[in-house]
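The values are calculated or read from the model by the stated rules, or taken from the named source; none is laboratory data. Predicted model, so just to flag it, every value in this text is computed and none were measured. We place every Cβ from the backbone using ideal geometry, glycine too, and count neighbours over all the protein chains shown.
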Amino acid sequence: MIIKNTLGNVPRWRWNDTFEELERMKQEMERLYQYPAMKIFRETAAGVFPAINITEETDNYYVRAELPGIKASDLELSIANDTLTIEGKRKSDPEDEKTKYHRRERESGRFSRKITLPAQINASKADATCNDGLLTIVLPKAESAKPKKITVTTL
Amino acid sequence: MAENTKSLQVKEKRGPIPTAEQIHQGPTFTPEVDIFETDGSLVVVADMPGVKAENLDVDLRENILTLAGTVISPEGPDEVDIVKEYQTGTYFRQFTLSEMINQPEIDAKMTDGVLRLNLPKVKPVSPRKIKVKTV
């Protein structure tokens, strides 16, 4: 904020105001990040393949990943405490030497990702299905992690 | 050949620059494809996870090949998002083909979210000699 000096129109910066400006700018930037449009740029923030979506219901967690071309036999899933590990390998189709590539965008290789879940899960009841390249893992919450209703009584 | 053991990198799903307004709602993504050519046919392999065979539309007219697949959002109605690293949406991509394709023989297979299109090339007509008869 520039304060006009009473003696003339000489602008002067006040010390506190400089930081106020920066503080305001910081708050504006943080507010921008809350908009859904900015959230899209933060996708794949973990930087590890595969990209996952985790959703929660009262009784279960659902972890989904898009793994095209990967069959259930190429995947290894394991759970320890509250950490889920997804590992696997994506094979490239073997083509013979006479093929000429016009375009090659699909990659192949290994992947491994560990995900920490927000609460304890019942590992023995976990279930995973892989259909059409979409892996869905259903993780039932442990009894202690399920929300319990507290009834309010009036005296 | 040595086994390919490099690790897969995660990539954000890219969407196309829309040239016309989309009729459906939701984001549209460009599926990754491999295109290669063998002696007899052109093969297009596209990654479309979550697309079932009945939701897939493959079209070839006027030498433009269109791949369109719709995905039903797998989340249930009561689920709350904790981590969302990718979005689900329709897949759409178009290619201009330079080769002449034998259209009735096009073969499409969809397994594990990967579409494999086999487009057999038209065999070139062998030149026929025309005999000239003298009357």
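Check B:D112, B:D107 and return the single one that is within 10 Å of another protein chain (Cβ to nearest Cβ) and touching a Leu at 6+ places or on another chain (Cβ under 9 Å).
Values: B:D107 fails: within 10 Å of another protein chain (Cβ to nearest Cβ).
Criteria check complete, one pass: B:D112.
A count restricted to segment B:58-77 and to residues that are surrounded by 11 or more Cβ atoms within 10 Å (Cβ to Cβ) and of a type in the set (D, E, K, R) stands at 1.
Number of residues in segment A:129-155 that are away from chain B (no Cβ under 13 Å) and in a strand (DSSP E or B) equals 1.
Residues in segment A:81-104 that are surrounded by fewer than 14 Cβ atoms within 10 Å (Cβ to Cβ) and in contact (Cβ under 8 Å) with a residue 24 or more places away in the chain: A:N81, A:T83, A:T85. Of all residues in segment A:48-72, those being crowded, with 20+ Cβ neighbours inside 10 Å and of a type in the set (F, W, Y) number 2. Looking across segment A:57-91, just one residue is small (G, A, S) and facing chain B (nearest Cβ under 7 Å), and that is A:G69. The single condition from (1) over 21 Å from A:V138 (Cα atoms); (2) assigned by TED's automatic domain parsing to the domain that holds A:N53 that A:K114 fails is (1). Determine whether A:Y101 is under 30 Å from B:L97 (Cα atoms) and facing chain B (nearest Cβ under 7 Å). Yes: the conditions hold for A:Y101. For segment B:28-55, filtering for residues that are assigned to a loop (DSSP other than H, G, I, E, B) and either surrounded by 16 or more Cβ atoms within 10 Å (Cβ to Cβ) or within 9 Å of another protein chain (Cβ to nearest Cβ) (or both) leaves 10. Taken as a whole, segment A:105-128 holds at least one residue that is assigned to a strand (DSSP E or B), modelled with pLDDT under 85, within 20 Å of the chain's Cα centre (by Cα) and surrounded by 13 or more Cβ atoms within 10 Å (Cβ to Cβ).
Of the residues that make up segment A:89-100, is at least one modelled with pLDDT of 80 or more and within 22 Å of the chain's Cα centre (by Cα)? First the steps, then the outcome.
As a first pass, look at segment A:89-100 and keep what is modelled with pLDDT of 80 or more: A:89-91, A:100.
Those left that are additionally within 22 Å of the chain's Cα centre (by Cα): A:89-90.
Looking through segment A:89-100, at least one residue is modelled with pLDDT of 80 or more and within 22 Å of the chain's Cα centre (by Cα).
Of the residues making up segment A:48-93, those that are hydrophobic (A, V, I, L, M, F, W, C), farther than 19 Å from B:V80 by Cα and part of a loop (DSSP other than H, G, I, E, B) number 4.
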